[in-house]
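S.K.: Following this message is one structure expressed as structure tokens.
The values are calculated or read from the model by the stated rules, or taken from the named source; none is laboratory data. Nothing here was measured: the structure is a model prediction, and the numbers come from that model. Virtual Cβ from ideal backbone geometry, glycine too; neighbours counted across all protein chains shown. All accessible areas refer to the heavy atoms of the entire protein, side chains included, with ligands and DNA or RNA removed. Shrake-Rupley method; radii C 1.70, N 1.55, O 1.52, S 1.80 Å.
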Amino acid sequence: MILAVLYCLLWSFQTSAGHFPRACVSSKNLMEKECCPPWSGDGSPCGQLSGRGSCQNILLSNAPLGPQFPFTGVDDRESWPSIFYNRTCQCSGNFTGFDCGNCKFGFWGPNCTDRRLLVRRNIFDLSAPEKDKFFAYLTLAKHTISSDYVIPIGTYGQMKNGSTPMFSDINIYDLFVWIHYYVSMDALLGGSEIWRDIDFAHEAPAFLPWHRLFLLRWEQEIQKLTGDENFTIPYWDWRDAEKCDICTDEYMGGQHPANPNLLSPASFFSSWQIICSRLEEYNSHQSLCNGMPEGPLRRNPGNHDKSRTPRLPSSADVEFCLSLTQYESGSMDKAANFSFRNTLEGFASPLTGIADASQSSMHNALHIYMNGTMSQVQGSANDPIFLLHHAFVDRVCAHWI
């Protein structure tokens, strides 16, 4: 039953993961509220001539909304993607994608009929050439503009209901940083009003399936960019770690000798610029992150608030999580008790399963421990450690299922 729930959640995100296809952001698309671009293989909308899919009205859930967001009609993300599009490609069989041009995860080949299993590996099990290739792929993604997707730099209202499109190019790596920002940003209510108690990917049942899809789509984009169909994100097994053992220049970057909040000049990532980190500035201007550089990656692992996160997770903590039998329980938020999701996310104690607002454990502990860019929810995906961390969280989830 739980597997079915996770599958349904994952399926529901399929059409929204890329957010804004480049082919669907003209004023015509936005005014007509239709995103059914032609598939390059046959030139027909959604690849209909090849039986890949067809342009249909979107289907929205009839489930009641939770009490956390007491508004309607004020946030572009409500009933996604209906504010922008009410007709999109609905793909058939094993086809997926905004134009039905891709295969569902786990399927390959020209007709998406071949099954293929890819396995994520511990980053410490990679050979030196494999590790360097992973870093090279990250760098390439950071310096390659996405050919398929753009980001909005204004709300639907600021675009005058679609008549004045406001979109910008973005590189492939930062596209996913922006997606993580967008799903967890505060709601802009107009004037100077905002609503902070909102998040579509955290503190609720969607946390694990949303981040699973995030990783799968990220892997898919790198496979497409590099032509390496066997690429997977490595994971960092942080159980029982006494320090950040991947925070070295050989791996994800050591500390700068003159400023411990920055990365070592010898790191692969020392020159990287982050985006979507100035949340109060966006809120004060009722604006969206525009994807422009905002400074270097910051990280000072271990120099965090130890009263909130006294240690990194242990093997015993993970085993306790895996022993919980309910995926979700009670309020289904960060106050849920004996919830596998809430305990793994880090809002409930990995010793008792009881929610504890004073502590950040498990998944949350790693974010707090990094004490920098990764510690701010909306901008955390700027740090490439985010990928390794969530790949391991997803591995724990897979073991539980």
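S.K.: How about region 271-304: which of its residues are out of contact with any Asp or Glu (no Cβ under 7 Å at 6 or more places or on another chain), assigned to a loop (DSSP other than H, G, I, E, B), open to solvent by 70 Å² or more (accessible area, probe 1.4 Å) and without any contact (Cβ under 8 Å) to a residue 60 or more places away in the chain?
M.R.: 271, 292, 293
S.K.: Could you check region 323-349 and list, in sequence order, the residues that are more than 23 Å from the chain's Cα centre (by Cα) and closer than 22 Å to residue 210 by Cα?
M.R.: Of everything in region 323-349, those that are more than 23 Å from the chain's Cα centre (by Cα) and closer than 22 Å to residue 210 by Cα turn out to be 324, 325, 326, 329, 330, 331, 337, 338.
S.K.: Right, another one. Would you please name the residue that is farthest from the chain's Cα centre (by Cα), looking only at residues in region 125-150 that are open to solvent by 80 Å² or more (accessible area, probe 1.4 Å) and more than 26 Å from residue 95 (Cα to Cα)?
M.R.: Looking at the filtered set, the residue picked out is 129.
S.K.: Checking residue 387 against (1) assigned to a loop (DSSP other than H, G, I, E, B); (2) surrounded by 20 or more Cβ atoms within 10 Å (Cβ to Cβ); (3) not aromatic (Phe, Trp, Tyr), only one condition comes out false. Which one?
M.R.: Exception for residue 387: condition (1).
Yes/no matrix, rows are residues, columns are (1) open to solvent by 10 Å² or more (accessible area, probe 1.4 Å); (2) touching a Phe, Trp or Tyr at 6+ places or on another chain (Cβ under 8 Å); (3) more than 19 Å from residue 320 (Cβ to Cβ); (4) without any contact (Cβ under 8 Å) to a residue 60 or more places away in the chain:
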residue: 358; (1), (2), (3), (4): yes, no, no, yes
residue: 362; (1), (2), (3), (4): no, no, no, yes
residue: 370; (1), (2), (3), (4): no, no, yes, no
residue: 373; (1), (2), (3), (4): yes, no, yes, no
residue: 377; (1), (2), (3), (4): yes, no, yes, no
residue: 380; (1), (2), (3), (4): no, yes, yes, no
residue: 391; (1), (2), (3), (4): no, yes, yes, no
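S.K.: Do the conditions hold for residue 312, that is, is it buried (at least 20 other Cβ atoms within 10 Å of the Cβ), of a type in the set (A, V, I, L, M) and touching a strand residue (DSSP E or B) at 6+ places or on another chain (Cβ under 8 Å)?
M.R.: No, not satisfied.
S.K.: Limited to region 305-349, what total is found for residues that are hydroxyl-bearing (Ser, Thr, Tyr), outside any loop (DSSP other than H, G, I, E, B) and farther than 18 Å from residue 366 by Cβ?
M.R.: Number satisfying all stated conditions: 2.
S.K.: Looking at (1) touching a strand residue (DSSP E or B) at 6+ places or on another chain (Cβ under 6 Å); (2) within 23 Å of residue 215 (Cβ to Cβ); (3) open to solvent by 50 Å² or more (accessible area, probe 1.4 Å), which is the one condition that is false for residue 399?
M.R.: Here residue 399 clears every test but (1).
S.K.: Can you report the number of residues in region 98-124 which are open to solvent by less than 30 Å² (accessible area, probe 1.4 Å) and part of a helix (DSSP H, G or I)?
M.R.: Going through region 98-124 one residue at a time, the tally reaches 1.
S.K.: Now a separate question. Using beta carbons and a limit of 6 Å, which pairs, at least six apart or on different chains, have the first residue in region 237-248 and at positive phi and the second one in a loop (DSSP other than H, G, I, E, B)?
M.R.: Once the first residue is at positive phi and sits in region 237-248, its partners that are in a loop (DSSP other than H, G, I, E, B) give 240/314.
S.K.: I've got another one for you. Within region 49-69, track down each residue that is farther than 23 Å from residue 152 by Cβ and open to solvent by less than 80 Å² (accessible area, probe 1.4 Å).
M.R.: Listed by number, the residues that qualify are 50, 51, 52, 53, 54, 63, 66, 68.
S.K.: Say whether the condition of being open to solvent by less than 60 Å² (accessible area, probe 1.4 Å), polar (S, T, N, Q) and closer than 23 Å to residue 231 by Cβ is met by at least one residue in region 79-89.
M.R.: The answer is no; no qualifying residue exists.
S.K.: To continue, here is another question. Enumerate the pairs (first residue in region 206-235 and in the same structural domain as residue 98 (by the TED database); second residue anywhere and open to solvent by 10 Å² or more (accessible area, probe 1.4 Å)) with beta-carbon separation below 8 Å, excluding pairs fewer than 6 apart on the same chain, so at least 6 apart or on different chains.
M.R.: Nothing qualifies.
S.K.: Kindly evaluate residue 134 against the criterion of being assigned to a loop (DSSP other than H, G, I, E, B) and in contact with a Leu (Cβ under 9 Å, 6 or more places away or on another chain).
M.R.: no
S.K.: So, one more: Condition check: assigned to a helix (DSSP H, G or I) and under 20 Å from the mean Cα position of the chain (by Cα). Does residue 365 satisfy that?
M.R.: When the stated conditions are applied, residue 365 passes them.
S.K.: In the set 139, 155, which member is part of a helix (DSSP H, G or I), among the polar types (S, T, N, Q) and in contact (Cβ under 8 Å) with a residue 12 or more places away in the chain?
M.R.: Being part of a helix (DSSP H, G or I), among the polar types (S, T, N, Q) and in contact (Cβ under 8 Å) with a residue 12 or more places away in the chain holds for just one of 139, 155, which is 139.
S.K.: Among the residues of region 25-48, how many are out of contact with any strand residue (DSSP E or B) (no Cβ under 7 Å at 6 or more places or on another chain) and open to solvent by 30 Å² or more (accessible area, probe 1.4 Å)?
M.R.: Going through region 25-48 one residue at a time, the tally reaches 10.
Matching residues to (1) closer than 19 Å to residue 131 by Cβ; (2) part of a loop (DSSP other than H, G, I, E, B); (3) charged (D, E, K, R):
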{"position": "201", "(1), (2), (3)": "no, yes, no"}
{"position": "225", "(1), (2), (3)": "yes, no, no"}
{"position": "240", "(1), (2), (3)": "no, yes, yes"}
{"position": "244", "(1), (2), (3)": "yes, yes, no"}
{"position": "249", "(1), (2), (3)": "yes, yes, yes"}
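S.K.: Scan region 151-171 for residues that are open to solvent by less than 10 Å² (accessible area, probe 1.4 Å) and β-branched (Val, Ile, Thr) and jot them down.
M.R.: Once the filter is applied, which keeps residues that are open to solvent by less than 10 Å² (accessible area, probe 1.4 Å) and β-branched (Val, Ile, Thr), region 151-171 yields 151, 170.
S.K.: Another question, if that's okay. Would you pick out the residues in region 89-105 that are of a type in the set (Ser, Thr, Tyr) and over 22 Å from the mean Cα position of the chain (by Cα)?
M.R.: Passing the criteria: only 92.
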